[in-house]
Amino acid sequence: MALLLYDNPNSGNALKVRFLMRDLGLEWETHEVPLSRPRPAWYLKLNALGGVPTLDDNGFVLTESNTILRYLAQREGRVDLYPDGPRERARVDEFLDRWSATLRPALKRYETTASQTLDATARAAVATEIGPILTTLETLLDPGAFALGDLTLADFAAAPALHRSIASSLDLSPFPTIAAWRAAVLVRPALRLSLP
């Protein structure tokens, strides 16, 4: 087997890679990595920062989930997901960077609050705090089904957070474009098959 994914079922970053791999129709072997810190020494030899997942493609080792997404799309020649043209590709890269640096951390704050407390007041306070970021996301999204209009790596990268926003009961009714995007991504069969 050429592809080996160092994975954990509870890792959102691993989920987006599994989602893409299934959507691409790839086969792979899985080696489970515990999420407890510190990571095992054998894993740190493979991935010095200890993040999950790590992909091994016949000895070519990659870490960082968004890099893995880009690599797999290019490896499979999927220019529909990760375009060849510099401007079109830059739009996908821009969204991936924005997602990782700003948008995802805001959603994670809400998830963390929802998982740590039953206090509705605390959840409401965090929802209010992240409201401006959700408003910005609402304006960044294409009004079509997916983040940039057509399905791209941007949608794969966001899928775990979109899925978790349901479990955390994040109210997206004030953000109809985000809600429609979430619905379009979450019905993808490859995502449903990739969930733990």
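The table below lists the values:
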| quantity | calculated |
| --- | --- |
| Overall dimensions of region 18-71 by Cα: Rg and Dmax, Å | 11.6, 33 |
| Burial order of peptide ranges 154-165, 73-84 (average beta-carbon count within 10 Å, highest first) | 154-165, 73-84 |
| Calculated Rg and Dmax of region 122-196 using C-alpha coordinates, Å | 12.4, 36 |
| Accessible area per residue in Å² at 1.4 Å probe, computed on the chain | 50 |
| Region 171-193 and region 59-129: distance between their alpha carbon centers, rounded to Å | 14 |
| Computed over the chain: relative contact order in percent, which uses C-alpha pairs under 8 Å that are six or more apart | 25 |
| Stokes-Einstein D for region 20-146, Kirkwood Rh over Cα pairs, 20 °C, 1.002 mPa s (µm²/s) | 122 |
| Karplus-derived 3J(HN,Hα), 6.51/-1.76/1.60, for each residue of region 76-88, Hz, glycine and proline x | 8, x, 8, 6, 5, 8, 9, x, 7, x, x, 6, 5 |
| Cα convex hull of region 1-93, projected area averaged across orientations, nm² | 6.2 |
| Accessible carbon and sulfur surface of region 44-140 relative to its total accessible area, %, 1.4 Å | 54 |
| Calculated Rg and Dmax of region 67-138 using C-alpha coordinates, Å | 16.6, 48 |
| Residues whose placed amide H lies under 5 Å from that of T30, excluding near-sequence neighbours | L5 |
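The values are calculated or read from the model by the stated rules, or taken from the named source; none is laboratory data. Only a predicted model underlies this, so the values are computations on that prediction, with no experimental measurement involved. FYI the Cβ positions are ideal-geometry reconstructions off the backbone, even for glycines, and counts take in every protein chain you see. The protein model used for the area step is the full one, side chains on, heavy atoms only, and it has no ligands, DNA or RNA in it. Shrake-Rupley method; radii C 1.70, N 1.55, O 1.52, S 1.80 Å.
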